[in-house]
Each structure stands twice: as structure tokens, then as C-alpha cells.
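Q: After the C-alpha cells below, expect a handful of questions from me.
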Amino acid sequence: MVHTKENKDKIYGWFTVAPSIIIILLIIVYPLFYNVYTSFRYLTLINFRSGGRFVGLNNYLELFSEPGFHNSLFVTFVYVLVTVTLQFIIAFLIALALYKKRAVLRKITTICLLLPKMITPVAAALIWRFMLNYETGVINYFLSLLHIPRVAFFTHPVMAMITLNIIGVWQSLGFTFLLLVTGLMAMPNQIIEAAEVDGANWFKRLWYIIIPTLKPVILITTLFAVIHSFQVFDTIFMTTQGGPAEATQVLSIYLYRKLFGACHFGSSGAISVIMLIISLCISIGMIMVLKKGGTKSAVN
């Protein structure tokens, strides 16, 4: 009877989780494998019903020979590097300034910084586009009142990228701050107080105690920020659409143009696979660093 009851419990457990497994297989696993399958075929609207023809690595080789792909890859890395760096530095400085302050001040700051995260990316991008419009934008209007020349926020190549970096930092700053301030509050104060008694100045306490102690939190926070920035699409599409002159054309915009502009499903599948591989490499690299740091601290 015991074995029968255990078997019934196992069967009941499988029936309980079966809907979730089916949903995961349908909306995650199947599209992923189908996308990989598509990346090895020449597939367009013309031969879509027949499934296209197998071309091996030709889609990948063609991508790596296209200047547009090289430019998009470079623009993506520049966007991610600048956005994540600024986002982390600003969030870390605010967290350092507030983690010992009163809880009310921290809560108010957290709410204010998280407000942009509550707005959908499309709506936020539209708000910024109207505010920064060259002719009718409120920012340029105030600049004109101060007799400052109007700024082409979205039509100048360098300025467009800077503007998108600022929007990216504005959108994700709150989440980064929340993780960092939580890590700082969980840090044991006895070590910092002992170092302060021994005469260590603020910079030494930061460099030799706070940052090494927060290393796991910093790595996880950076990983989230990198993956989120790497997948940016809505903001750029609703503001610059990759322009001017492909100066802000990240890989996701390049994929969109391949898929809906050229209707080349094979090439767009190859781009998404490349993006997946890059994201996995970054994630695995950071996880290995995190494990290495955890092992060292355990040994010490």
C-alpha cells in the first residue's frame, strides 16, 4: 500500500506540473529550436511553405561579410558598455550615500528611481521623443529661452547615441540601485568600523572592504544590466529606428530589418542565434567569476 500511495503521489505530481511543462515547451523550447533550425536554411516568403532549402553555415558567413552586421555589433557593444557603466556608477554612488541614512529617505529615493521602470518602454520612448524633438520639444524650447542653440538629440549621430544611453540609464537605474543598496545594508558593519578605527580612510574602506564584500551582488547586478541593455529594442525603434545613418542600429534593430524589411528568415534566425550565444558567453563568464570569487572567500 505504501508503494501504491507513493506512485499515486508521483503521478499526481506529474499531472500538476504537466501544464507548466507543456507551456514552457510551446513558448520557449520549440521557438528556440525552430529558430536555430531556420538559421541553417534559405527561407523567405517565397519558399516559406516548402520550408526553404538547407544552406548550412551560409547565413552566418554572409552575415559576417556584411558591413551592416559589423556596424550593428559594434554599436551594440558601445551602447551596452556606456549604458551599463554609467548606470552602475550612478546607482552605486547613490546607494553608498543612502544605505546608512533613514529608511524613509531610502524608500522615497527607491520609489522615485523605480518610477521609470513602471512605464512601458514604448510609452517612455514616445515621451522622450516628444520632449527632445528639435522643433517642438520642451527641452529645446527652454534652451532657446536661455539663448542656447537647439540640440539635434535624435538626428546627430553622436548625440543620438548619447541620448539613448541617457534614456537607458534613466529606465534601469532604479533596479540597479535597489540591488546595490540591499547588498550594502546586508553587509556587516563591524569590519568597516574596525577598519575605520585602524585609520583607514574612506577610499581604502571602499576599495579593500566594501567592493570585495559586495562582489557577488555587483556581478549579478552587472549581469542583469548587460543582458537587459543587450536586448534593447523598443526605445531605439520608437526614437531613432537605428538612425541617423545606422549610428544607433543595434543588433535587435538589424534583426528587425532583416526579418520584416528583407523578409529573410534565415539571416534573422542567424542573428538571433548569435545574440543568444553572446548573451550566454557573458552570463557563463560572469557566473564563473562569481564562483571563483566565492571559492576564494570560502578558503580564506
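Q: Which of the helices (runs of 4 or more DSSP H) contained wholly in the stretch 63-150 include at least 1 residues that are hydroxyl-bearing (Ser, Thr, Tyr)?
A: 67-98, 103-118, 138-145
Q: Count, please, the residues in the stretch 180-221 that happen to be part of a loop (DSSP other than H, G, I, E, B) and either at pLDDT 90 or above or not polar (S, T, N, Q) (or both).
A: So the answer is 7.
Rundown of residues vs (1) modelled with pLDDT of 85 or more; (2) surrounded by 12 or more Cβ atoms within 10 Å (Cβ to Cβ); (3) closer than 30 Å to Glu246 by Cα, yes/no style:
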site: Thr16; (1), (2), (3): no, no, no
site: Asn35; (1), (2), (3): yes, yes, yes
site: Leu43; (1), (2), (3): yes, yes, yes
site: Val75; (1), (2), (3): yes, yes, yes
site: Ile108; (1), (2), (3): yes, yes, no
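Q: Within the stretch 245-262, can one find any residue that is more than 30 Å from Tyr42 (Cβ to Cβ) and in contact (Cβ under 8 Å) with a residue 40 or more places away in the chain?
A: yes
Q: Is it true that Thr176 is in contact (Cβ under 8 Å) with a residue 24 or more places away in the chain, farther than 30 Å from Val104 by Cα and assigned to a helix (DSSP H, G or I)?
A: So Thr176 does not fit the description; no.
Q: Considering only the stretch 222-233, I want to know if a residue exists there that is in contact (Cβ under 8 Å) with a residue 60 or more places away in the chain, part of a helix (DSSP H, G or I), surrounded by fewer than 16 Cβ atoms within 10 Å (Cβ to Cβ) and on the phi < 0 side of the Ramachandran plot.
A: No: the stretch 222-233 contains no residue that is in contact (Cβ under 8 Å) with a residue 60 or more places away in the chain, part of a helix (DSSP H, G or I), surrounded by fewer than 16 Cβ atoms within 10 Å (Cβ to Cβ) and on the phi < 0 side of the Ramachandran plot.
Q: Quick one: how many residues across the stretch 230-254 are over 18 Å from Ala270 (Cα atoms), within 13 Å of the chain's Cα centre (by Cα) and either at pLDDT 95 or above or charged (D, E, K, R) (or both)?
A: 1
Q: Shifting gears a bit: Give all pairs with beta carbons closer than 9 Å in which a residue from the stretch 42-63 that is without any contact (Cβ under 8 Å) to a residue 24 or more places away in the chain and among the basic types (Lys, Arg) meets a residue that is outside any loop (DSSP other than H, G, I, E, B) and surrounded by 15 or more Cβ atoms within 10 Å (Cβ to Cβ); count only pairs at least 6 apart in sequence or on separate chains.
A: From residues that are without any contact (Cβ under 8 Å) to a residue 24 or more places away in the chain and among the basic types (Lys, Arg), the pairs are Arg53/Arg41; Arg53/Tyr42.
Q: If you go through the stretch 23-61, how many residues are under 27 Å from the mean Cα position of the chain (by Cα), part of a helix (DSSP H, G or I) and of a type outside the set (A, V, I, L, M, F, W, C)?
A: 8
Q: Confirm whether Ile277 is of a type in the set (A, V, I, L, M), in a helix (DSSP H, G or I) and surrounded by fewer than 12 Cβ atoms within 10 Å (Cβ to Cβ).
A: yes
Q: Is it true that Ile284 is under 28 Å from Ala160 (Cα atoms), assigned to a helix (DSSP H, G or I) and not hydroxyl-bearing (Ser, Thr, Tyr)?
A: Taking the combined requirement at face value, the residue does not satisfy it.
Q: Looking at this structure, is Ser20 out of contact with any helix residue (DSSP H, G or I) (no Cβ under 8 Å at 6 or more places or on another chain), within 27 Å of Val250 (Cβ to Cβ) and either among the small types (Gly, Ala, Ser) or at pLDDT 95 or above (or both)?
A: Criteria not met by Ser20.
The values are calculated or read from the model by the stated rules, or taken from the named source; none is laboratory data. For clarity, every value in this text was computed on a predicted model and none was experimentally measured. So basically every Cβ, Gly included, is an ideal-geometry build from the backbone, and we count neighbours across all protein chains shown.
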